[in-house]
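Since the structure comes first, as structure tokens, the remarks are kept for the end.
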Amino acid sequence: MRVDRTIRVSFPAPARGLIRGIGRLLLSALLLAGCTQTDSLKTSQTFQRPPGTARVLLMPPDVELYELLASGLQEPRAAWTETAKRNVVAAIADLLRPKNAELVPYVEPTADPAAERRHTQLIKLHDAVGYSILVYQYGGPNQLPIKQGKFDWTLGSEASLLQREFGADYALFVFMRDSYSSEGRKAMMVGLALLGIGVSGGAQVGFASLVDLKTGNIVWFNRLISTTGDLRTQEPADEAVKELLHNQPL
Amino acid sequence: MTSGATWPALMMALLACAGCAPASRSELPDAPTGQRPALATDEAGLWMVMDRVEQDIRTSGRRVSDPALNAYVQGVLCNVAPDYCRDLRIYVLESADFNASIAPNGFVVVFTGALLRCRNEAQLAYLLAHEVTHYQRRHTLQQWRDIRSTVDALLFPEIALSVAGLGPAATLAELGAIGSILQFSREQEREADAFGLDRVAAAGYDPSESVDVWTNLMAEKKAAKDDEPFIFFATHPPNAERAAALREQAAALTASRNAGIDGVDEYRNATLAFRGGWLRDELRRREYDRTQVVLDQLTSDGVRLGEVAFYRGELYRLRGDKGDDQRAIEAYRIALTSEGAPPETHRGLAEVYRHGGDAKQARAEFDEYLRLKPDAPDRTMIETYLRTSE
């Protein structure tokens, strides 16, 4: 970087790199996929569900909604995102209730900076591991030779701090990005289709992972790619979450 | 395709673009204090995205967590922005680059490379006041809206051209539109300097210090002899022009009120303890010509010269050009006769002697280093060397 890259409006910052990478990666998979596609992975070891009620810590869902403008620019939409987060949480709760799994809400330890740092590092680590799974486990040609098809990713023993602090057996991480075509974009898609030029509309992408908090191991992971769906209303949000969590092992 | 068919289409595209480029920019009111934007707005979307970035930065390993340093920088920020003091949050990040930035949701990032290069509090005040203006004038939102309208407007000529199969012309049209976006951000930079300098003067600082920020950077750039890419100049006014504008405004401001303080003592009290570490980071960039200018400036400041001379010795030792070993020895020797030379000065001398084949002098200097720093992290390595070189 040059010295006199001095003072600038800071948007977007480099810290966004990983998150953007995840979104882009899922979107690029969309180009190869059909309408709705999920593709889940399970631990190579035998999964043993604890007897009785499983306590599942729901990490803050990493959900962002965007409006896809005619130009292809994506505009972040805060109100949609708020609604979508509520819908996703409600849908997850509905889905897990009949499975004898109790949802434990995550509470940010705002009063304790040291605990907040530990939690955030764990969440950042999960971002990085999730990204690696998307790149290397789903990646086809990118498959790591050392994995030999095994699915044995882990956050390490540090994850057990969440078990201690929340008394939970598992942590569920959910990442979703959703974009919706603006009226202008829709008009353009129709117009250009008439001219024989294909332009993509909005898309829904995401992944979910279930972490065993005793070991830190990721015991189940699923990727969702869809050109339909709408997290802004409860019913389609329920559908999306159902797709995302289908065949989760609890 | 004949040129007769091409030119009218191209001209039409460019004209259309000239007509629809963002001439219709409306002035936004200043950012209100003490409130978040309404959820349904595009501004709330920007805040949402930047809240996430801020969370990453707040918990970043590169963050300098020293409470006193953070409180000091936050204090200077509040001096130049009493109106927005409660809305803005400072994060000092470890990076040798010169940079300061602000996000639309009110977090301010200052790199340690900028703190190393500020000579006094007035210069830091200028950098922060400049950033505050970006926030006050909602420049990111303005820029986002501008890009949005420009790129959308651009589509029509682009579609027309792509249907006509005129790829290169579409690229030209794009360049025209992007040029107007860059022009816009250059205006924002000018506004940030102008508004910022008013804040600096109102807070009682000497506004003319802002000129030195730029002349010092210009000296670094000249020494480094590197060519900035064109796009960089497009987004940032050339330094000379900027320095001249600041000089003119500072002269007007100082004529109308007391000159203001530079706050040099306060700045040194707050930052001197960190300077050595920042110089070490600066050296790690291996941009020696540029670092020499920084060291020259610190030498002329005349504070804790032993430390400055030590890093000059390190620079020569690491660069390793012809004659650098001798220059390094001279610099280390100057360090040892000045205030504040760290024990590592002896290690540096030892390394240079060892490099030159003078095992006896090297041993003496290593011994002295270990005597002065009994808990040196590289003790085992040095002792092994001393044992095996016998």
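Values as computed for the structure displayed
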read-out: B:D265 vs. criteria without any contact (Cβ under 8 Å) to a residue 60 or more places away in the chain, open to solvent by 50 Å² or more (accessible area, probe 1.4 Å) and more than 24 Å from B:T337 (Cβ to Cβ); value: yes
read-out: Those helices (runs of 4 or more DSSP H) lying entirely in region B:53-138 with at least 1 residues more than 10 Å from chain A (Cβ to nearest Cβ), farther than 25 Å from B:A219 by Cα and of a type outside the set (S, T, N, Q); value: B:67-80, B:121-136
read-out: Sole residue being farther than 30 Å from B:V303 by Cα, at pLDDT 95 or above and open to solvent by 50 Å² or more (accessible area, probe 1.4 Å), chosen from B:T380, B:T388; value: B:T380
read-out: Every residue from region A:40-67 that is at pLDDT below 85 and not small (G, A, S); value: A:L41, A:K42, A:T43, A:Q45, A:T46, A:F47, A:Q48, A:R49, A:P50, A:P51
read-out: Residues that are modelled with pLDDT under 60, part of a helix (DSSP H, G or I) and either open to solvent by 20 Å² or more (accessible area, probe 1.4 Å) or more than 11 Å from chain A (Cβ to nearest Cβ) (or both), drawn from region B:216-256; value: B:F230, B:I231, B:F233, B:A234, B:T235
read-out: Single residue of region B:293-314 satisfying the filter (in a loop (DSSP other than H, G, I, E, B) and not aliphatic (A, V, I, L, M)) that is most open to solvent (accessible area, probe 1.4 Å); value: B:R304
read-out: Given (1) at pLDDT below 90; (2) out of contact with any Phe, Trp or Tyr (no Cβ under 9 Å at 6 or more places or on another chain); (3) open to solvent by less than 20 Å² (accessible area, probe 1.4 Å), number of the condition B:D56 does not satisfy; value: (3)
read-out: Some residue of region B:27-50 being open to solvent by less than 70 Å² (accessible area, probe 1.4 Å), closer than 28 Å to B:L116 by Cα and either away from every other protein chain (no Cβ under 14 Å) or touching a strand residue (DSSP E or B) at 6+ places or on another chain (Cβ under 9 Å) (or both); value: yes
read-out: Residue list for region A:48-84, restricted to those being among the small types (G, A, S), over 23 Å from A:K124 (Cα atoms) and at the interface with chain B (Cβ under 10 Å from one of its Cβ atoms); value: A:A70, A:S71, A:G72, A:A79
read-out: Candidate set from region A:94-130 (those that are in contact with a strand residue (DSSP E or B) (Cβ under 8 Å, 6 or more places away or on another chain) and in a loop (DSSP other than H, G, I, E, B)); member that is farthest from the other protein chains (Cβ to nearest Cβ); value: A:N100
read-out: Inter-residue pairs, beta-carbon under 6 Å, first under 21 Å from A:S132 (Cα atoms) and in region A:218-246, second basic (K, R), 6+ apart; value: A:W220/A:K42
read-out: Which listed residue, of A:T81, A:T110, A:T120, is at negative phi and either of a type in the set (D, E, K, R) or open to solvent by 60 Å² or more (accessible area, probe 1.4 Å) (or both); value: A:T110
read-out: Hey, B:D367 out of contact with any Leu (no Cβ under 6 Å at 6 or more places or on another chain) and within 20 Å of B:G277 (Cα to Cα) or not; value: no
read-out: Count of residues meeting criterion [among the polar types (S, T, N, Q), open to solvent by less than 20 Å² (accessible area, probe 1.4 Å) and under 21 Å from the mean Cα position of the chain (by Cα)] in region A:145-191; value: 1
read-out: Residues of region B:315-338 that turn out to be open to solvent by 70 Å² or more (accessible area, probe 1.4 Å), outside any helix (DSSP H, G or I) and not charged (D, E, K, R), as a count; value: 1
read-out: Of the criteria (1) open to solvent by less than 70 Å² (accessible area, probe 1.4 Å); (2) over 32 Å from the mean Cα position of the chain (by Cα), which one B:K360 fails; value: (1)
read-out: Single residue of region A:58-73 satisfying the filter (among the small types (G, A, S) and either in a strand (DSSP E or B) or open to solvent by 20 Å² or more (accessible area, probe 1.4 Å) (or both)) that is nearest to A:A84 (Cα to Cα); value: A:G72
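The values are calculated or read from the model by the stated rules, or taken from the named source; none is laboratory data. Here the structure is a predicted model, which means the values were calculated and not measured. Neighbour counts are summed over all protein chains in view; Cβ atoms, including those assigned to glycine, are modelled from backbone coordinates with ideal geometry. For the accessible areas, the whole protein counts, side chains as well, though only heavy atoms, and no ligand, DNA or RNA atoms are used. Shrake-Rupley method; radii C 1.70, N 1.55, O 1.52, S 1.80 Å.
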